[in-house]
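Below is one structure, written out as structure tokens; comments come after it.
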Amino acid sequence: MAERKFSERIRATPAKPGVYLMRDAKGEVLYVGKASSLRNRLGSYFARRAGLAPKIRAMVSRVADFDFIVTESDQEAVILECNLIKEHKPQYNARLKDDKSYPFIKIDLSEDFPLVYITRQVRKDGSRYFGPFASAGSVRRTLALLKKLFPYRSCTKTITGTDPRPCLDYFIHRCAGPCIGAVDKTDYGQIIDQVTLFLEGKTDQVTKSISRRMEEAAEELEFERAAVLRDQLRAIEKVHEGQKVLHLTSENLDVVAAAASIREAWVEVFFIRQGKLIGRDHFIMEGTQDDEPKQILTAFVKQFYDATPYVPPRILVQHPLDDVQAIQGWLSAKRQGPVRVHVPQRGEKLRLVKMVAENAAQGLEQLTVRLTSDSANMDAAMSELQEALSLPRPPKRIECYDISNIQGTNSVGSMIVFEDGKSKSSDYRRFKIKNVDGVDDYAMMREMLTRRFRRLARPAENGASNGAGPPSGAPKSGQTWGIVPDLVLIDGGKGHLGAALQVFLELGIDFVPLASLAKENEELFVPHVQEPIVLPRSSQGLFLVQRARDEAHRFAVTFHRERRSKKSVQSALDTVPGIGPKRRRMLLRRFGSVRGLKEASLEEVAAVPGMTIKLARLVKDYL
């Protein structure tokens, strides 16, 4: 329907760079995207809808209209896309959470005695800005450290130098005392220069400057001033020792990696200045469901560096970005110097990216743990579900199931388990769908559930009585198939629930409660009840089933990507008769790649352990 509706308009769309906006029937913006060719990109949404990611398919099904803005270049399109995402906050775009409120440290250079303070607005007013930080707490901790190290003023009074007495900060050496004329504009400017250098990571220059001033004070017999400078120097050196020194010469770069759950992602950024890790921060991306890791990083890089005033000459990322050339051009124009964005493949930079990725994964895990560690919340969640779904007992063990495939290929299913509101990964199971061809999620769900629950349908083996109740007796050690769940949750709507119910009826299982959770409006469905069950948005029960559903989806998608990836990187050697896994490993270990094998002589190939002249000739003929 949509293909016919928009076909004429798409043909009339220019094949030029620009930004497009997808709108629903109410005119609300659903999605904002950029394209090198607007005609090709818009056409791709409606021509092959079955091949789109689930999130994009859902978006396209709601599109009632679209419009676009033609730009002069890809770089202009990147800038406009960022602005429109911030303005409209589209439901289907990955976006920085509350991105308009991220704070910065501002050094106001328009004043004779500049202030250092928090701001949430970046203007081109000649001031220096550092950030953005993930929260005001991050900025306050940084400012607290700066105040201990550098005696800049924190008051907002007009400085005349004629005040009768200073504040307490002066007496504890936290302010140089410009209000009483203890320092002039030049001396105070040196303090601000040191703050700037420190925030840029140039601590060596700061310590050298303070050391020189300390020696000058000692030579002039100003021992009290020299002692103050000595204490300041020791404090800075202590902080400097705590900064992780990396073997990256004196490079300035940022390192970005992400870890994603279903609905949001944790993005970790490490700031490397002059070869030292001077700081790190994390940010939450919303609306990342069904997005590939590279899509999440692409959205973050565009939105983060659109907000921050400083762009380093190099940005290391965990995965290749989409439209990397356009992004590099835009960043280079903003920095007014070359910027390279790349994925390191070896050495210190690769180890650094892995470290940042591990921190992102741990951050996301800790966020999840904080949300789920409250046993009172979990008890309330299970009680709410028991009442809402009319369960015979609280759902202490929940099994959730999901299907993942692209156009029926590499189809897989997942089973995840929550016990007492917490995931039990040792009981997770993955299913390769073997007997379903094409796109039929219901049939795939039936196959997976049949393979799981047919064990509970064998009364003689499991101790059940005529299938009318749960099997008695504990399962054997290491066996999870005999455990009866308190609730089986299906990711999907009424159709998926019907497929699951059909399996239970065929197997004679009527002692396991069954429900499905529809993603569109977060509605719960149970058998034989026509109307959906809608839990309040603040419900702990809803939060629990959402987490279970999202975890099942994540587990299924991860398995699906593994299978798809293995097929996509299948070696040309896999098709050579007589070359099994062992010989293939030996050949690739000896020559490094299929290309190296092609360039090798027949004698060199035959000399590999396990190979013969006959096999070597066969390999060369196939390649």
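For the chain, what's the relative contact order in percent, using C-alpha pairs closer than 8 Å and at least 6 residues apart? Result for the chain is 8 percent.
Among Met448, Met382, a tally of other beta-carbon atoms within 10 Å of each Cβ gives an order, fewest to most, of Met382, Met448. Approximating the spin labels as points 7 Å out from Cα along Cα→Cβ, the Glu358-to-Glu292 distance works out to 2.7 nm.
Computed from the alpha carbon positions, the gyration tensor of the chain leads to an equivalent ellipsoid with semi-axes of 54, 33, 28 Å, biggest first. Compute the helix-to-body angle for 203-219: its Cα long axis versus the longest principal axis of the chain, expressed 0 to 90° and rounded to tens. Helix 203-219 sits at roughly 20 degrees to that axis. With a Förster radius of 56 Å applied to the beta-carbon distance between Phe171 and Asn435, the computed FRET efficiency rounds to 0.10. Cross-link check: pairs Lys86/Lys422; Lys86/Lys396; Lys434/Lys582; Lys185/Lys208; Lys89/Lys124 evaluated at a Cα-Cα cut-off of 31 Å; pairs beyond the cut-off: Lys86/Lys422; Lys86/Lys396.
Across all directions, the shadow cast by the convex hull of the range 116-166 built on its C-alpha atoms averages 4.9 square nanometres. Placing +1 on the Cβ of every Lys and Arg and -1 on the Cβ of every Asp and Glu, with nothing else charged, gives the chain a dipole about its Cα centre of roughly 2160 debye. Computed from Cα atoms, the angle from the helix 324-335 axis to the main principal axis of the chain rounds to 20 degrees.
Taking the fewest neighbouring Cβ atoms within 10 Å as the starting point, the ordered list for Asp550, Asp437 is Asp437, Asp550. Put the Cα centre of the range 479-516 next to the Cα centre of the range 583-599 and the gap is 49 Å.
Shape of the range 2-93 from its Cα gyration tensor (a ≥ b ≥ c, root eigenvalues): rounded if a/c is under 1.5, otherwise prolate when a/b > b/c, or oblate? Oblate is the answer for the range 2-93, as a/c is 1.5 or above yet b/c matches or exceeds a/b. Candidates Leu623, Met586, Val608 compared by Cα position along the dipole of the range 579-623: farthest toward the positive end lies Met586, with charges placed on Cβ. For the listed peptides 311-322, 165-176, a ranking on the average number of other beta carbons within 10 Å per residue, highest first, reads 311-322, 165-176. For a modelled paramagnetic label at Leu80, 7 Å from Cα along Cα-to-Cβ, the residues of the range 275-300 in reach, with backbone nitrogen under 20 Å, are 299.
Principal-axis analysis of the Cα atoms of the chain puts helix 375-389 at an angle of about 40° to the longest axis.
Dimensions of the range 572-622 based on its C-alpha atoms, expressed as ranges along the principal axes with the largest first, amount to 21, 20, 19 Å. Taking every DSSP helix (H) stretch of at least 4 residues in the chain, weighting each as -39,500 (n - 2.57) and dividing the sum by the residue count yields a mean residue ellipticity at 222 nm of -14000 deg cm²/dmol.
Ranking of Arg547, Arg9, Arg41, Arg123 by neighbouring Cβ atoms within 10 Å, starting from the fewest: Arg123, Arg9, Arg41, Arg547.
To the nearest 20 debye, what charge dipole does the range 253-369 have about its Cα centre, counting +1 at the Cβ of each Lys and Arg and -1 at the Cβ of each Asp and Glu?
Magnitude of the dipole: close to 720 debye.
The relative contact order of the range 2-93, computed from alpha carbon pairs under 8 Å that lie at least 6 residues apart in sequence, is 38 percent.
In plain terms, if you count all Cα to Cα distances in the range 113-201 and split them into 10 Å steps from zero, the share in each step is 15, 47, 31, 7, 0 percent.
Amide H to amide H, with H built 1.01 Å from N, Asp402 comes under 5 Å of Ser414, counting only residues 5 or more places away or on other chains.
Values in this text are rule-based calculations from the coordinates and carry no lab data. Keep in mind that this is a model prediction, so the values were computed, not measured. Note: ideal-geometry Cβ built from the backbone for every residue, glycine included; neighbour counts use all protein chains shown.
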